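Reading through the structure tokens given below for one structure.
The values are calculated or read from the model by the stated rules, or taken from the named source; none is laboratory data. These numbers were taken from a predicted model, which means no experiment stands behind them. Ideal geometry is used to build each Cβ from the backbone, glycine not excepted, and the neighbour counts take in all protein chains shown. Areas reflect the complete protein model, heavy atoms only, side chains present, ligands, DNA and RNA absent. Shrake-Rupley method; radii C 1.70, N 1.55, O 1.52, S 1.80 Å.
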Amino acid sequence: MPIVTSTEMFKKAYEGGYAIGAFNVNNMEIIQGITEAAAETKSPLILQVSAGARKYAKHVYLMKLIEAAESDTGLPICIHLDHGETFEVCKACVDGGFTSVMIDGSKHSFEDNIKLTRQVVEYAHAHGVVVEGELGRLSGVEDDINVAAEDSSYTNPEEVEEFVRSTSVDSLAIAIGTSHGAYKFKPGQKPQLRFDILEEISRRLPGFPIVLHGASSVVPEYVQMINDNGGNMPDAIGVPEDMLRKAASMAVCKINIDSDLRLAMTGTIRRYLSENPSHFDPRQYLSPARQNIKELVRHKLIHVLGCVDKI
Ligand code: G3H
Ligand code: 13P
Ligand code: ZN
């Protein structure tokens, strides 16, 4: 199976009422854990790379690691740029072999977002690459940019048809109450998503794939593992799994998960080092971290996204 775009994945996901997992990757162990889980469950997969991940690991390393995972597992994998902010970074990823890019113009005015998104679409489509745009603004932290809750905004359904028509994007990320990072809802606050907005958007864009960012559940077991082993995370609350399943059964075809991977990796490493204080070989603590990433992803694929056996 080759490195592919998400076009076919989204078409089948939309029709089948499930979603594709889009997992953020930064290094070899994360890529191996995710792809082993997807291969064993025969799940289509999107691996996504943020600007920060490109800076940390270098584009070429991540590209080669993902190509290695593809040839090792035989999985169809879409390689996606997560939250591209400029035409230049999107172009670099198109030129560098990614099959999908996100241009996140959500911080701009509606008109400027359209202009920037259209510019990226023209270049990407001419090179066989698909594009995700964003309308509405999530709160939370991404690449050290902190969007305060008061600066976030739900997607306005009245804008979606014009945005999609004017830009020719292939999928659209929307804001319905999720946010990036581990602190999505205030302690004591009941997690809620605006499914009415999602419904209205899908009514206006029939058959069109919608993307949900900020979709980690913030698995309590891993937060606990961090805090039991020298960490000090305040109450962290994520998106309940039943809400993600509901979104996946609707028009949401791509669900973005990063924070849960970070928590699983960090929790596992902290626990390993507390239990084995004299060990210093990175392979010893990275092996269980990779294994727990695999278990976490397997759980998401089977119980949250519903995409197993869909290759
Ligand atoms: O949406 C943000 C992702 O979690 C990526 O985070 O920009 O810190 O790599 P990052
Ligand atoms: P989380 O922080 O909820 O994992 O969201 C990740 C994301 O949206 C990446 O684009
Ligand atoms: Zn995101």
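Here are the numbers for the structure shown:
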| quantity | calculated |
| --- | --- |
| When residues of segment 40-54 are limited to those that are away from ligand 2 (no atom under 16 Å from the Cβ) and surrounded by fewer than 20 Cβ atoms within 10 Å (Cβ to Cβ), the one farthest from LEU261 (Cα to Cα) | LYS42 |
| Selection from segment 22-39 of residues that are without any contact (Cβ under 8 Å) to a residue 60 or more places away in the chain, within 16 Å of ligand 1 (Cβ to nearest atom) and open to solvent by less than 10 Å² (accessible area, probe 1.4 Å) | VAL25, ILE31 |
| Verdict on ALA19 being of a type in the set (A, V, I, L, M) and surrounded by fewer than 24 Cβ atoms within 10 Å (Cβ to Cβ) | no |
| Matching option when the condition is within 16 Å of ligand 1 (Cβ to nearest atom), of a type outside the set (Lys, Arg) and assigned to a loop (DSSP other than H, G, I, E, B), among GLY188, GLY177 | GLY177 |
| Residue pairs meeting the criteria (Cβ under 6 Å; at least 6 apart or on separate chains; first farther than 21 Å from GLU8 by Cα and more than 14 Å from ligand 1 (Cβ to nearest atom), in segment 45-73; second open to solvent by less than 40 Å² (accessible area, probe 1.4 Å) and of a type in the set (A, V, I, L, M, F, W, C)) | LEU65/ILE31 |
| Residue ranges of helices (runs of 4 or more DSSP H) in segment 1-94 with at least 3 members touching a helix residue (DSSP H, G or I) at 6+ places or on another chain (Cβ under 9 Å) | 28-40, 51-57, 59-73 |
| When residues of segment 149-194 are limited to those that are open to solvent by 30 Å² or more (accessible area, probe 1.4 Å) and aromatic (Phe, Trp, Tyr), the one farthest from VAL129 (Cα to Cα) | TYR183 |
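Residues checked against (1) farther than 28 Å from GLU161 by Cα; (2) more than 16 Å from ligand 3 (Cβ to nearest atom):
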site: GLU36; (1), (2): yes, yes
site: ILE46; (1), (2): no, no
site: ARG54; (1), (2): yes, no
site: GLY74; (1), (2): yes, yes
